[in-house]
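**Student:** Take this structure first; my questions come after.
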Amino acid sequence: MRRRVIFGCSGTTLEPQERDFFREVQPWGFILFGRNVKNREQVHVLTDSLRETVGDAHAPVLIDQEGGRVARLKPPEWHARPPQAVFGTLYQTAPEIAGEAAYLNARLIAGDLAEIGVNVDCLPVLDVPVPGAHDVIGDRAFATDPAVVIALGRAVIDGLMDGGVLPVMKHVPGHGRASCDTHLDLPHVTAAEELLSAADFVTFRSLNYCPMAMTAHVVYDAVDPKRPATLSPRVVRDVIRGEIGYQGLLMTDDLCMSALSGPLSARAKAALFAGCDVVLHCSGVMAEMAEVATEAGPLEGPWLKRAEQALSHLREPVEFDRIVAEARLKELLVA
C-alpha cells in the first residue's frame, strides 16, 4: 500500500539504496529539483525509474516550474518562462491579452513537463502580496489585487490541465503577508480574520476546484496563534476545508524548511494529524526520508479517495501547436 508522503531523490539517477527504499516504503509520489535535472532524456529515464519503484506508471511526479526565479528546468535545454507578475502587469492595461498569455505560458510549461514524464506542477501561486512583506513571494505572485490573481490563476490552471499536467495551488491559505522567508524562519501574520478572508483566502476559495493544494508554513494569529497552517488542525479544518471549501488533495510545503521545528518525524506526524493528506520531503537525504517514513502511514480511507480524485483529473493533452503558441506568446508579451 502506498504511503502518505512525497519524496525527492539525491541526483540525476536513482542510487541502488534509493531504489530499494522507495520499493519498500511505497511513497505516493516524487518531486524533482535542479539537482535531478541534466537534459530531457536523462529526466525521462529518472521519472520512469521512480515510477518503477512503486509499480505505478501514473504515479505523481512533481516539480516547481513557475517561471522567473523558481524554475528547475532552465535554458539552454528549456525555454525561460516569465514570472507570474509579468502577466499581472499586462492585465492592468489588457486583461484579455494577459489571460491568453498566462494560459499559453502554462500550456507550454505543461508541454515541457509532459515530454519528460512530469505530471504535476506546483503552480499557480495564488498568494496576494502586501506592502512590507518579505519578497520570497514577490514577483512569483500575479498581483496585489485578488481579482487579478483569481482571473490569471484560473488561466494557468486551465493551461496546465489542457497540457496533461495537474496544477497545485499554493500556498494555502495565503503567504502574501509573511514577514520572512519560510525556508529560514517562521512568520506570524497578525491581520484580522475578516481582512484575511477578504484579501488572502478569497483567491483559494474562488479556485477551490484545483485538484491539489500546498499549505503555507505561516502562523495566522487570528486563527491559531500557536501553529503554522501546515501543522494546525484549526486552520486546516476551519479555514482550508471550511471557509475556503477545499476538498481536493492537500499536501504540505517541504517539511525540511526552517519555519518548522523539531524532528522531521514529529513534523510529519503533526501535519498529518492536522488534516494534510500527504507530506512533502524534498532533500533526498536518505536518513531524513527514513525518519519521515516512520510517521507517513498508509494512504487509505478519505486520504486515498482525495488522492484518487486528484489523479482522475489527468487527461490526454488537448491538441496544440507549440511553435505557433511560442510565437503568439512572444507577440502578446511585447504588446
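Please treat every number below as a calculation from the coordinates, not as lab data. Predicted model only: the values in this text are computed from it and were never measured. Glycine also receives a Cβ, built like all others from the backbone with ideal geometry; neighbour counts cover every protein chain displayed.
**Student:** Show me the ranking of peptides 201-210, 184-193 by mean Cβ neighbours inside 10 Å, starting with the highest.
**Tutor:** Per-residue mean Cβ counts within 10 Å order the peptides as 201-210, 184-193.
**Student:** Okay, moving on. First check a/c for the stretch 96-186, with a ≥ b ≥ c the square roots of the eigenvalues of its C-alpha gyration tensor; if it is under 1.5, answer rounded, and if not, answer prolate when a/b is larger than b/c or oblate otherwise.
**Tutor:** Note, shape of the stretch 96-186 comes out oblate.
**Student:** Hey, which of these cross-link pairs are over 32 Å Cα-Cα: Lys226/Lys305; Lys74/Lys269; Lys38/Lys226; Lys74/Lys305?
**Tutor:** Cα-Cα > 32 Å for Lys74/Lys269; Lys38/Lys226; Lys74/Lys305; rest within.
**Student:** Efficiency by 1/(1 + (r/R0)^6): what FRET value for Asp20 and Thr93, r their Cβ-Cβ distance, R0 = 45 Å, to the nearest 0.05?
**Tutor:** Once the sixth-power term is evaluated, E becomes 0.20.
**Student:** What order do you get for 67-74, 171-178 when each peptide is scored by the mean count of other beta carbon atoms within 10 Å, highest first?
**Tutor:** Highest mean packing first, the order is 171-178, 67-74.
**Student:** Pick out the long, greasy-scoring helices in the chain: whole DSSP H runs spanning 20 Å or more along their own axis by Cα, mean Kyte-Doolittle at least 1.0.
**Tutor:** Within the chain the helices that satisfy the rule are 146-162.
**Student:** For Cα pairs less than 8 Å apart in space and 6+ apart in sequence, what is the mean separation divided by the residue count of the chain, i.e. the relative contact order in percent?
**Tutor:** 18
**Student:** I'd like the antiparallel share, as a percent to the nearest 5, of DSSP beta bridges with both residues in the chain.
**Tutor:** Within the chain, antiparallel bridges account for around 10 percent of the total.
**Student:** Please give the peptides 146-156, 18-28, 1-11 ranked by average Cβ packing (other Cβ atoms within 10 Å per residue), highest first, as a rough proxy for protection.
**Tutor:** Ranked by mean Cβ neighbours within 10 Å, highest first: 146-156, 1-11, 18-28.
**Student:** Between the stretch 197-257 and the stretch 59-92, what is the separation of their alpha carbon centroids in Å?
**Tutor:** Comparing the Cα centres of the stretch 197-257 and the stretch 59-92, I get a distance of 23 Å.
**Student:** For Glu300 paired with Asn39, estimate the spin-label separation in nm (one decimal), with each label point 7 Å from Cα along the Cα-to-Cβ line.
**Tutor:** If labels sit at Glu300 and Asn39, their model points lie 4.6 nm apart.
**Student:** Follow-up. In nm², what is the average projected area of the convex hull enclosing the Cα atoms of the chain?
**Tutor:** 15.2
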